[in-house]
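Structure, as structure tokens:
The values are calculated or read from the model by the stated rules, or taken from the named source; none is laboratory data. Computed from a prediction, not measured in an experiment: that's the story for all the values here. Here the Cβ is made from the backbone with ideal geometry for all residues, glycine too, and neighbour counts use every protein chain on show.
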There are 2 protein chains.
Amino acid sequence: MLDLAVLGLLEENDLHGYELRKRLGELLGVRLAISFGSLYPALNRLEKGGFVKAVTDLPAPVGPTAPMSGSLVGELAAFRAQRRATSGSGRGTRGKKVYGITDAGRRRLREMLADPDVSDDRDFPVRVAFCHNLDPAARLELFRRRKAELVRRAEQRSGGPTGPDGRVNTYLRSLLERDTAVLAADIAWLDRLIADESDTTTDKPESDTTTDRPESDTTNGTTSAPISTP
Amino acid sequence: MLDLAVLGLLEENDLHGYELRKRLGELLGVRLAISFGSLYPALNRLEKGGFVKAVTDLPAPVGPTAPMSGSLVGELAAFRAQRRATSGSGRGTRGKKVYGITDAGRRRLREMLADPDVSDDRDFPVRVAFCHNLDPAARLELFRRRKAELVRRAEQRSGGPTGPDGRVNTYLRSLLERDTAVLAADIAWLDRLIADESDTTTDKPESDTTTDRPESDTTNGTTSAPISTP
DNA sequence: GCCTCGATATATCGATCCGATATGAGCCGT
DNA sequence: ACGGCTCATATCGGATCGATATATCGAGGC
């Protein structure tokens, strides 16, 4: 999951660890502000795998991939880090390591984004955040699969009895209701994403084997939901 | 977090690991069905700390603490395991380990439930699930603190600029909006919990230093939200 | 000039949790 | 009596977190 986020960010800009973390924070909210204890090992991991590489060249002031993405501070810091690293004698200067993505890394990024396993709740938002790296068809597929997963969960809950017999305390019931509401909202949210995507790709949607009409699913049962933010 | 869940379940019933996991699953949805790789180490941890203890006596058919809680299968299994463990010669029979909570465990449970740190999103639902072990005042405190935390997050987002400059792609924006909606819903949910709690404790709420009226907070700004389920 | 403070930056440690996997006992159908 | 099912405990490697250590640098106080 972290690998995905790192590759997604490096696809836009060469960055060093500290800046990487800050970006993730602003990008995905206060939470998911990944800790350094995860980030640096992840970077080493990715470097060893050949997906990222410590760059010695400066990232062009106007980026080659993403035109003028924000955070001048970060790029300035990267610049200075670079100067320090190159000017000093190879070893001894404790310069910042600026990482860049490799071709293998770009392939890996797309591969992870298109991964058919869509059951990881932490993972999915990150994939959405970087899904512009996917072609429209694959993106639509991603959204559809995620929706199917949520619908599956919803049906499962509405089917089974509330508890072992029927006795659940008030707080349990409240939790369940809350989860149900979030799940329903998420399915509706995905329907919106899917609809928007369908609009921009094909005006005339060809007959589809899988469900495409949103209404029946959402209004079906009150369904249910997992646990997350409350 | 796992410790809390285990203690909460054992407060109601003596159980063994396998059954513990199943209960957690039904209790908190398919997710949070804790893996054995977490559960068994947690049990050893708790046993070493003196919070739980492998019991040799059968849990009474009608439980001493919780009257006839569900899952007859589990209790039957526990019974058989017990029979096997006691009938066979001490060592050699690979009986199931049935755990029970100790007095120290009960104290620890209440302590964890009342922990002032309310920022862990995974933790909170579990605390709500077992908050009936708290006295009404502490429970109310828990809900209030959690609400304050969410309001803080909401204000933080509505305050800062959307991105570094203002450029965010469509999917990022959609994610943000979804998070905002979930956060708002969660605050409303907490308001409901707080209101219910206040009703059952005191009919006349005394003047409070902290915010108690729900309306102003929720309708304030559209705020924002973290990332969780989508 | 000096000195502290906070931001920048990298790295490591221990603990926790997950997912996969191994191992085995008891039960049921055929 | 056989394979296949649930039940049950346990361990392993890997990912992540939170705390902590270390070092540099710029801003500001005195």
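Remarks
- Residue pairs meeting the criteria (Cβ under 6 Å; at least 6 apart or on separate chains; first within 20 Å of residue B:121 (Cα to Cα) and within 7 Å of DNA strand D (Cβ to nearest atom), in region A:26-49; second outside any helix (DSSP H, G or I) and at pLDDT below 95): A:32/B:227
- For region B:122-136, filtering for residues that are surrounded by 19 or more Cβ atoms within 10 Å (Cβ to Cβ) and within 7 Å of another protein chain (Cβ to nearest Cβ) leaves 5.
- Test: residue in region A:59-75 that is modelled with pLDDT of 50 or more and not small (Gly, Ala, Ser): no
- Positions within region B:3-22 being under 22 Å from residue B:107 (Cα atoms) and buried (at least 21 other Cβ atoms within 10 Å of the Cβ), in sequence order: B:5, B:6, B:7, B:8, B:9, B:10, B:13, B:14, B:15, B:20
- Where residue A:107 falls short, out of the listed (1) buried (at least 16 other Cβ atoms within 10 Å of the Cβ); (2) at pLDDT 95 or above: (1)
- Of all residues in region A:1-16, those that are within 14 Å of DNA strand D (Cβ to nearest atom), assigned to a helix (DSSP H, G or I) and either more than 21 Å from residue A:123 (Cβ to Cβ) or among the charged types (D, E, K, R) (or both) total 1.
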